[in-house]
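Here the structure is laid out as C-alpha cells; the discussion comes afterwards.
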Amino acid sequence: MIKGSCCCGAVKFELTAQPSMMGTCHCSRCRKVGASAIVFVKRKDLKWLQGQEQVMLYQPEPPYKYGRCFCKICGTSLGEILSKEDSFPIAANALDNAFEVTNQFHEFVVEKPSWYEICDNAKQFHGHPTPP
C-alpha cells in the first residue's frame with residue numbers, strides 16, 4: 001500500500017498497487033504547478049481516505065486540454081487525480097512512501113529550462129511520448 005497526501009494533510013489517499021510508470025514533464029505548465037515528476041496510476045487502484053472534496057481542478061484554456069488538480073487549502077499539486085480515465089498521471093511528490101518504478105521518459109524536452117540538466121538515460125521526447 002502506498003500512501004499519498006497533500007502538504008497540509010487535508011487530502012489523503014492510497015494506492016493498492018505500484019504505479020505503472022514514471023516520467024518527467026519539462027513543459028512550462030507542469031513546472032509552474034510543481035508536477036514535473038509524474039507517476040501513472042490505475043483508477044481502480046486509487047482509494048480515497050479523506051479530502052476528495054478539498055481537491056480543486058484547474059481547467060486550462062485551449063489548446064491545452066488536461067486539467068490539473070491541487071489541494072484548495074495548501075495548493076499541493078496532485079496531477080490529474082480526479083480523472084475519470086482508467087489510467088492517469090498524478091504528481092509523484094504527493095506520494096508519501098517509496099515506490100518501485102523509476103523515471104522512464106522525459107517529455108517536452110524542447111521546453112526544458114537551461115538551468116535543468118537531465119542526468120539519466122531515460123528516453124527523451126519533444127512532446128508527449130510516441131507509442132513504440
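The values are calculated or read from the model by the stated rules, or taken from the named source; none is laboratory data. This is a predicted model, so every value here is computed, not measured. All Cβ positions, even for glycine, are placed from backbone atoms using ideal geometry, and neighbour counts span all protein chains on display.
Taking the numbered list (1) part of a loop (DSSP other than H, G, I, E, B); (2) within 29 Å of Pro113 (Cα to Cα) in turn, Ala17 passes all entries but (2).
Looking only at residues that are in contact (Cβ under 8 Å) with a residue 60 or more places away in the chain and among the hydroxyl-bearing types (Ser, Thr, Tyr) in region 16-34, which one is nearest to Phe105 (Cα to Cα)? That would be Thr24.
Within region 67-76, the set of residues being touching a Ser or Thr at 6+ places or on another chain (Cβ under 9 Å) and either part of a loop (DSSP other than H, G, I, E, B) or under 16 Å from Trp48 (Cα atoms) (or both) comprises Gly67, Cys69, Phe70, Cys71, Thr76.
Close Cβ contacts (under 8 Å, 6 or more residues apart or on different chains) running from residues in region 57-74 that are within 15 Å of Gly34 (Cα to Cα) to residues that are of a type in the set (Ser, Thr, Tyr) and surrounded by fewer than 16 Cβ atoms within 10 Å (Cβ to Cβ) comprise Gly67/Tyr58; Arg68/Tyr58; Cys69/Tyr58; Phe70/Tyr58.
Checking the structure you have, find out if any residue of region 96-116 is touching a helix residue (DSSP H, G or I) at 6+ places or on another chain (Cβ under 6 Å), closer than 24 Å to Gly127 by Cβ, at pLDDT below 95 and crowded, with 20+ Cβ neighbours inside 10 Å. No, that holds for no residue. Filtered by the rule that a residue be within 30 Å of Ala10 (Cβ to Cβ) and part of a strand (DSSP E or B), region 77-106 gives Ser77, Leu78, Gly79, Ser87, Phe88, Pro89, Ile90, Ala91, Leu95, Asn103.
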